[in-house]
Amino acid sequence: MKDLRQRIEETVNYLRTGADVDSRPEIAIILGTGLSALGDKIEDKKAVAYGEIPNFPVSTVPGHKGELVFGKIAGRDVVVMEGRFHYYEGYSPQEITYPVRVMRALGAKFLIISNAAGGMNPYFNPGDLMIIEDHINLMGINPLIGPNDETLGPRFPDMCEPYDKALIAIAEQTALEQKIKVHKGVYVALTGPNLETRAEYRFLRTIGADAVGMSTVPEVIAGVHAGFRIFGISVITDKCLPDALKPVDFKEILETANRTEPVLTRLIYNMIPRIR
Ligand code: HPA
């Protein structure tokens, strides 16, 4: 089996020569739930289907949108993952984070990630946005387990500031100017796919989390390891208060995420020109 570095080089070579991608992206974006409309704002688009890219995880979901898109947003060169991989779908932690490695190897320095999350902070309402200030990894997995290649990143990466303070400041300033309400808080990741029990929400709130979801943390861990400066944001889709919990249908979660999408898209679109 080839090592990670060789596989990344193979993938980059394919994109550069086989797929003829000449873009030098500065900003990598993972369009999670709530941000897919940002994809419509990409200019000079060049899309490569995941299925075509050597060493990329193979999508098992029929009709799943899976493309790596190169182009410009607000004048900046970007590479955008349209469609992400979740651990609960059966991918390994290394597979989920492989595209992060590739986007870094293509030259991107900044990583923007969005997700849909349940709100445990009682001040949060469905449709609110939460800038991720920090996270708690309760997935019981880690994409860095295994041999470490020091040329890709350190064996013991520091985690005192996985979410870049300067990018958070840009987001807050942009939100103020755009009159968009934003919270800041801690995101906790579990594997899913079930939502949590009341006892779990009570526990997660007690240990310091404001929002809960099933993604983002593996990509952020690999992103920190690879040297990305990272910005993460959650769309709060449902209220997860243990003493006032109502059943939620995943359809409602998706509806709330879709309803909030234009606001989140506007925030990120207006942040991009200021990212330095
Ligand atoms: N848990 C609870 N509510 C949610 C989640 C989750 O993982 N994601 C979106 N809403």
Express in Å², to the nearest 10, the accessible area of Arg104 obtained by rolling a 1.4 Å probe over the protein heavy atoms while all chains stay in place.
80
Per residue of segment 15-24, in order, report the coupling 6.51 cos²θ - 1.76 cosθ + 1.60 (Karplus, θ = phi - 60°) as ³J(HN,Hα) in whole Hz, putting x for Gly and Pro.
4, 6, 9, x, 9, 6, 8, 10, 5, 10
Could you grab the relative contact order for the chain? Cα pairs under 8 Å, six or more apart, rounded to a whole percent.
26
Would you be so kind as to identify which of Val186, Thr97, Ala19 lies farthest towards the positive end of the dipole of the chain, taking Lys and Arg as +1 and Asp and Glu as -1 on Cβ and the Cα centre as origin?
Val186
Most mobile of Gly213, Gly18, Gly223 per a Gaussian network model of the chain (Cα springs, under 10 Å)?
Gly18
Quote to one decimal, in nm, the extra length available between Thr197 and Ala19 on full extension: 0.36 nm per residue of separation minus the C-alpha distance between them.
59.5 nm
Quick check: at a probe of 1.4 Å, how many percent of the accessible area of segment 112-188 sits on carbon and sulfur atoms?
56
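Assigning unit charges at the beta carbon (Lys, Arg +1; Asp, Glu -1) and nothing else, what dipole magnitude in debye, to the nearest 20, does segment 1-78 show about its Cα centre? Spell out each step's value before the answer.
On the way: 11 positive and 12 negative charges, 27 e Å.
The calculated dipole for segment 1-78 is roughly 120 debye.
Size of the dipole of segment 120-164 about the Cα centre, Lys and Arg at +1 and Asp and Glu at -1 on the beta carbon, nothing else charged, in debye to 20?
Numbers: 1 positive and 8 negative charges, 45 e Å.
The calculation lands at about 220 debye.
Rolling a 1.4 Å sphere over the protein heavy atoms, what is the accessible area per residue of the chain, to the nearest Å²? Mind dumping the intermediate values first?
Working: 12440 Å² over 276 residues.
Value for the chain: 45 Å² per residue.
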Across 10 Å bins beginning at 0, the whole-percent shares of Cα-Cα pair distances in the chain come to 7, 31, 37, 21, 4, 0
In sequence order, calculated HN-Hα J values of segment 79-88 (Karplus, 6.51, -1.76, 1.60; Hz; x Gly/Pro)
10, 10, 8, 8, x, 10, 10, 10, 4, 5
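The values are calculated or read from the model by the stated rules, or taken from the named source; none is laboratory data. Computed from a prediction, not measured in an experiment: that's the story for all the values here. For neighbour counting, all protein chains shown are included, and Cβ atoms are generated from backbone atoms with ideal geometry for every residue, glycine included. Accessible surface areas use protein heavy atoms only, side chains included; no ligands, DNA or RNA. Shrake-Rupley method; radii C 1.70, N 1.55, O 1.52, S 1.80 Å.
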